1. At 222 nm, what value in deg cm²/dmol follows for the chain if DSSP H runs of at least 4 each add -39500 (n - 2.57) and the sum is divided by all its residues, to the nearest 500?
2. Send over a whole-number figure in Å² for the accessible area per residue of region 192-351, probe 1.4 Å.
3. Rounded to the nearest 0.05, what FRET efficiency is calculated for K265 and T390 with R0 set to 56 Å and r the Cβ-Cβ distance?
4. Apply 1/(1 + (r/R0)^6) to the Cβ-Cβ distance of D747 and K99, taking R0 = 41 Å, and write down the FRET efficiency to the nearest 0.05.
5. Which distance in nm do the two modelled labels at N668 and T560 give, with both placed 7 Å along the Cα-to-Cβ direction?
6. Going by average Cβ neighbours within 10 Å, how do the peptides 545-553, 175-183 rank, with the highest at the top?
7. Once you put a point 7 Å from the Cα of S730 and another 7 Å from the Cα of E429, both along the Cβ direction, what distance in nm separates them?
8. List the relative contact order of region 543-667 as a percent without decimals, with contacts defined as Cα pairs under 8 Å and 6+ residues apart.
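The values are calculated or read from the model by the stated rules, or taken from the named source; none is laboratory data. Please read these numbers as outputs of a predicted model, since none were measured by experiment. A quick note on method: Cβ atoms are made from the backbone with ideal geometry, for glycine too, and the neighbour counts reach across all protein chains shown. With ligands, DNA and RNA removed, areas are computed over all heavy atoms of the protein, side chains included. Shrake-Rupley method; radii C 1.70, N 1.55, O 1.52, S 1.80 Å.
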Amino acid sequence: MENIKDLLNMMSPEQKIQFLAGDDFWNIHGEESLNIPSVMVTDGPHGLRKQNTKADHLGFNESVPATCFPTASAIASSWDTNLINNIGIALAEECLNEKIAILLGPGANIKRSPLCGRNFEYFSEDPYLSGKMAAAFIKGVQSKGIGTSLKHFVVNNQETNRMTIDTIVDDRALREIYLAGFEEAVKTAKPVSVMAAYNKLNGVYCSENMELLTYLLREEWGFEGMIVTDWGAANDRIAGLLAGLDLEMPGPSTSNIELIKNALKNKKISIDTIDNSLERILNVISSTSEALSANADYDIEEHHLLAKKVLCESAVLLKNENILPLEQKGKIAVIGAFAKEPRYQGSGSSRIKPTKINNAWDSINNLLNSNANIIYSAGYDPVTDKIDQTLIDEAVKCAELSDNVIIFAGLPEIFESEGFDRKNINLTESHNMLINSVSNVNKNCIVILSNGAPVSMPWINNVKAVLETYLGGQAWGAACADLIFGIENPSGKLAETFPMSLEDVPSTVNFPGGNKTVAYAESIYVGYRYYEKTKTKVLFPFGHGLSYTNFEYSNISTTTIDENYNIAVSFDIKNTGTVAGKEIVQLYVKDKDSVVFKPEKELKSFDKISLQPGETKTITFNLDKRSFSFWDSSNSSWIVESGDYEILVGSSSTDIRLNHTISIENGNRISDWVKNLKYISPGYYKPEIANFKNLSPSGDFAKFLGKAIPQANKPIDGPFNRLSTMKDISTTRIGKIILKMMLKESDKRNGKNNDETTQELMHTMIKEMPLRALATMGGEDFTIEMVDGIITMLNDSFFKGLKQITAARKNS
């Protein structure tokens, strides 16, 4: 490519504007006359999804074979940034092979609720851990010259009404919880692009939020890359362009291209604004096309073995009563249809066509050879929740005849997916009934779970071991066999809390909110920050994970903290067991005497340490100002409160092995101005109580909520506009007909792929889609003028609207 400044001078305004939207679903515009190539982007948080047939956004049409790695919920449990960096490198090699310029990932959204249907694509409930994982992924991919797209920026924490929901969140929670992970990834890994989310943030769509995209992302954080919409997220294209949004996807977005041309002609935007966005787009094309110019290949088997290694490092041993690792002898019952038909990935836009799949049944048989007598029983239908008593009875007979039982259970695909949220945190009734029935006749039960997010376990006291594998990728079966029989020692730890019940989750009373607004009334108290503050009992705590060996912590010490709040923390860790293992050591900071509302403690550092039996290593963590800071909304800055801080080192958030107190004398004296309510929680001031979910927010935030929520959540019955959803218009006769036609067309297009999960996903998305999205997601033949014709039909006159649509078709 030519020098980018020279290219800008060579282009006409019309040529420039054409670059501001994609050519189609997956390709960024190019200009052959100027030797500017069109480059391709594709989905891929845990594997490459390059479609080789007609494009769609949700992964139902055929894609090329690619390595399906464990999903983000699994790999975050490895707490291993080097491992995640290697995943990124492998994905980049596959991108180079398939000539893909940008991989659309990673997803760094916080797990506010275990109900979010897309949680399997996200890392953690903790922003520090999430940011480190995302940064490692980005560095790995981009080390090969391939770009990434950090998503979904920001507070996209639910699937329900995701294209229109207005997320109301206070400033401290926004900065400390929901932005912090993105900040870490942007500043340390420098992603090629950032993807703006569908939703609104405090009343403004993220794709046209100048405070978010320009003032914060570009000016404060120093982001120099391209900002792209999520697919179909562009609302007001001119407002977006002025706010710093560069590229609209998918394309060609004919209506918005014409809108930009008219805005330039009418001086609503300047050519400089267009040039700024175009320069960022061309930088992406230039940097990635250079990497793509060389021929590239990758070793399919090597990547498969990496996928296996990743799960071995990520699976979490939740419980073990001296039964694992299992001996390779005796009679072993393998129960559960997932053993032969694994649930190894999520559904939606991240769905991968794997290069190969290992199931657990074959892998166990291959490993044990003839050393043990292995029998199998399905126990349940792997697709539905329907209880089959005959299958359960067969499983019980197998268990009665066996020395040990391995039960494979989890969530079928229909229960968690992009596009819709979960209704509860239960396993399916068929899986729970199977585990209860089998454990009643055989006490040597091991449960292997396959699910994308936390589940309740009413049978936990009846089984001897539980291994959480999340959605473990294409090598899931081989990894399970190695972990169960001790070829590999499990070393994963939870990157999220498993609550006892959904009622214990602080966001439950405000999830998924109303039909237009959701209030994050729990503020900064997300995940373990809430459970520890309120002393709420959990099933398994954040950071929990067992090993086949034991570790001893000792000798904590610190350097003297300097004037910039830098301090080093050192301690020893020893493997006191008889087998090699890896321990994830975690450092938390607790402000002992804070006047400001804060969690009990917060994760501020971690490392994964490999130790041979009897080996001791000295570990050093370096803390800085951010390790002790909270967000000062009054002055828009991070500040440190003077006083005593406890440095806590342990094996999980609740298993603290070492502690050391330090004093900070040169921080801010909060007590001097504590009356300033901006420092007080939007809902709660020093909540020294067992449970504060029922308390009402106070101050300005409460007044805002009081005005915003009742209005936003009223049923919409007209007049309708471009932001009205298909569900909104279905309250009318014409709307019902239009919605019925769209759902029927969706089923027809999906054809043989239209299984129950696909149908629910697509139907939900169509119902929640704003009318304006029809002009971008409906293909080249559907324009915004046709959308306006539909709105006229609904609000005014059927025949007048029909006339508008007919005229728009002639002009398109």
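1. Details: 22 runs with 245 residues, N = 812.
Rounded to the nearest 500, the figure is -9000 deg cm²/dmol.
2. Each residue of region 192-351 exposes 36 Å² on average to a 1.4 Å probe.
3. Computed FRET efficiency for K265 and T390: 0.20.
4. The pair D747/K99 has a calculated efficiency of 0.80.
5. 2.7
6. Details: 545-553: 18.8, 175-183: 23.8.
So the peptides 545-553, 175-183, ranked by packing, come out 175-183, 545-553.
7. Label-label distance for S730 and E429, simple model: 2.5 nm.
8. After rounding, I find 28 percent.
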